[in-house]
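Notes for the one structure printed next.
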Amino acid sequence: MKNKQKPVIQEKYKTMIGGQALIEGIMMRGPDKDAIVVRGKEGLKIDINPRKLPGEKSILRWPLIRGVYNFFGANVTGVKAIMRSADLAPEEYAPEEEPSKLDLWLEKKLGDERFQKFIIGFAVFLGLAMSIGLFFLLPMVIGSFFYGIIKSNFLICLIEGVVRMAIFMGYMILVSRMKDMRRLFSYHGAEHKTIRCYEAKLPLTVENVRLQTRKHPRCGTSFLLVIMLLSILVFSAASSGLLAVVPALEAMRGKFLFKLIMIGFKLLLLPLLVAISYEINRLVGRYDNAFTRILTAPGMWFQNFTTNEPDDSMIEVAIEALQAVIPEEEGADKW
């Protein structure tokens with residue numbers, strides 16, 4: 001029996017380049033361009049588009065503000081990339097369907113370009129609404145039943161956090177068992193391994209990439225996990241602060257209006273939660289020490305479920321995508 005080769009993690013460089021698994025492909029995002037690479041029946045199909053980042057003095061690059069801006073921007077770009085990969089993917093992965101009457105009516109009224117923007121905007125809205133409803137609103141509603149029993153805001157937020165984590169992990173584990181998602185998660189693994197190889201300053205070959213770990217501290221699923229863990233502390237501190245500023249609310253504890261106010265207040269805190277989580281993600285992506293390894297440990301462990309080992313053809317796709325976005329000026333993509 002052959003001994004398995006241990007993953008090579010010899011990081012020498014930290015890049016801002018990140019990626020996303022697509023339908024039979026991968027998107028890589030560099031400092032000045034995005035690349036979508038999909039494996040079709042006739043080989044690799046490559047779609048490269050320029051990327052314009054906010055200027056150095058733009059308010060969109062300020063701490064906290066940049067987190068919310070990048071989060072929504074990444075969602076829009078991600079939906080566009082998935083739609084584009086569906087166009088480029090083989091027919092068995094993206095079978096053509098006859099447009100519905102509603103699609104035809106909307107396209108006629110809005111025009112082709114505005115129709116595409118409408119579809120992307122609606123997909124982003126629907127995705128965010130479902131995520132907020134399932135992973136935040138539902139746990140808050142469950143936690144609200146304890147307001148009349150438990151006086152500690154921290155304990156209530158802890159209950160919400162446990163429910164939130166259970167729903168999220170259960171959802172991801174179930175999704176990872178689906179056949180098509182297992183393949184998507186393998187492309188996710190290829191994306192991570194290729195970036196790891198690039199950060200190790202090794203030649204981007206299938207052999208070198210294959211030896212890398214499929215886990216990366218800046219993973220998007222790790223980011224979501226940080227948001228959920230951080231929500232316990234942020235919601236707890238903010239709820240206590242609100243009750244201290246408006247003591248009259250305490251007399252209403254347990255009543256329906258009180259529950260509604262607390263749930264609405266916490267939902268309003270979601271942009272702040274995203275902003276803080278983004279800054280933590282930047283921190284762990286830039287530094288590698290005992291403190292950042294502790295911060296990333298839950299997310300790195302969770303990647304056991306959201307990434308799979310890729311085959312060589314998937315690695316080839318990831319290498320092609322990464323090479324397409326490496327800037328001409330060496331070091332321009334430094335994190």
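The values are calculated or read from the model by the stated rules, or taken from the named source; none is laboratory data. Computed from a prediction, not measured in an experiment: that's the story for all the values here. Backbone-built Cβ (ideal geometry, glycine too); neighbour counts: all protein chains shown. These accessible areas exclude ligands, DNA and RNA; they are computed on the full protein's heavy atoms, side chains included. Shrake-Rupley method; radii C 1.70, N 1.55, O 1.52, S 1.80 Å.
In the set 279, 250, only one residue is in a helix (DSSP H, G or I), within 21 Å of residue 68 (Cβ to Cβ) and among the charged types (D, E, K, R); that residue is 279.
Does region 258-271 contain at least one residue that is small (Gly, Ala, Ser) and closer than 30 Å to residue 334 by Cβ?
Here is the first cut: in region 258-271, the residues small (Gly, Ala, Ser) are 264.
From what's left, closer than 30 Å to residue 334 by Cβ: none.
Among the residues of region 258-271, not one is small (Gly, Ala, Ser) and closer than 30 Å to residue 334 by Cβ, which makes the answer no.
Considering (1) part of a loop (DSSP other than H, G, I, E, B); (2) more than 17 Å from the chain's Cα centre (by Cα); (3) at pLDDT 90 or above, the lone condition that residue 257 does not fulfil carries the number (1).
Please determine whether any residue of region 195-217 is among the small types (Gly, Ala, Ser), touching a strand residue (DSSP E or B) at 6+ places or on another chain (Cβ under 7 Å) and surrounded by 15 or more Cβ atoms within 10 Å (Cβ to Cβ). Checked region 195-217: no residue is among the small types (Gly, Ala, Ser), touching a strand residue (DSSP E or B) at 6+ places or on another chain (Cβ under 7 Å) and surrounded by 15 or more Cβ atoms within 10 Å (Cβ to Cβ).
When region 313-331 is filtered for residues that are outside any helix (DSSP H, G or I) and open to solvent by less than 20 Å² (accessible area, probe 1.4 Å), only 327 remains.
Restricting to region 20-62, what's the tally of residues that are assigned to a loop (DSSP other than H, G, I, E, B), in contact (Cβ under 8 Å) with a residue 40 or more places away in the chain and more than 21 Å from the chain's Cα centre (by Cα)? Full working, then the answer.
Within region 20-62, the subset assigned to a loop (DSSP other than H, G, I, E, B) is 23-24, 30-32, 41-42, 51-58, 62.
Those left that are additionally in contact (Cβ under 8 Å) with a residue 40 or more places away in the chain: 23-24, 30-32, 41.
Filter again for more than 21 Å from the chain's Cα centre (by Cα), leaving 41.
Summing the residues that are assigned to a loop (DSSP other than H, G, I, E, B), in contact (Cβ under 8 Å) with a residue 40 or more places away in the chain and more than 21 Å from the chain's Cα centre (by Cα) in region 20-62 gives 1.
Number of residues in region 46-73 that are of a type in the set (D, E, K, R) and open to solvent by 80 Å² or more (accessible area, probe 1.4 Å): the value is 4.
Given the criteria among the small types (Gly, Ala, Ser), part of a helix (DSSP H, G or I) and buried (at least 19 other Cβ atoms within 10 Å of the Cβ), does residue 240 qualify? If you could, list the steps in order and put the result at the bottom.
Details: among the small types (Gly, Ala, Ser): yes; part of a helix (DSSP H, G or I): yes; buried (at least 19 other Cβ atoms within 10 Å of the Cβ): no.
The answer is no for residue 240.
As a summary of the residue check, residue 264 satisfies the conditions (1) under 24 Å from residue 71 (Cα atoms); (2) in contact (Cβ under 8 Å) with a residue 12 or more places away in the chain except for the one numbered (2). In region 23-38, the qualifying residues are those that are modelled with pLDDT under 95 and over 23 Å from residue 331 (Cα atoms), and the one that is least open to solvent (accessible area, probe 1.4 Å) is 24.
Counting the residues of region 268-288 that are out of contact with any Lys or Arg (no Cβ under 9 Å at 6 or more places or on another chain) and at pLDDT below 85 gives 0.
When the residues of region 6-19 are filtered to those that are assigned to a strand (DSSP E or B) and in contact with a helix residue (DSSP H, G or I) (Cβ under 7 Å, 6 or more places away or on another chain), which remaining residue is least open to solvent (accessible area, probe 1.4 Å)? Spell out how you get there, then give the answer.
Our first condition is that a residue be assigned to a strand (DSSP E or B); within region 6-19, this holds for 15, 18-19.
Checking the rest, the ones that are also in contact with a helix residue (DSSP H, G or I) (Cβ under 7 Å, 6 or more places away or on another chain) come to 15, 19.
On the way: 15: 1, 19: 33 Å².
Among those residues, the one meeting the criterion is 15.
Please pick out the residue among 225, 229, 158, 249 that is on the phi < 0 side of the Ramachandran plot and modelled with pLDDT of 95 or more. Can you show your working first?
On the way: 225 fails: modelled with pLDDT of 95 or more; 229 fails: modelled with pLDDT of 95 or more; 249 fails: modelled with pLDDT of 95 or more.
Within the list 225, 229, 158, 249, the selection yields 158.
Residues in region 133-191 that are touching a helix residue (DSSP H, G or I) at 6+ places or on another chain (Cβ under 7 Å), touching a residue at least 40 places away in the same chain (Cβ under 8 Å) and not in a helix (DSSP H, G or I): 1 in all.
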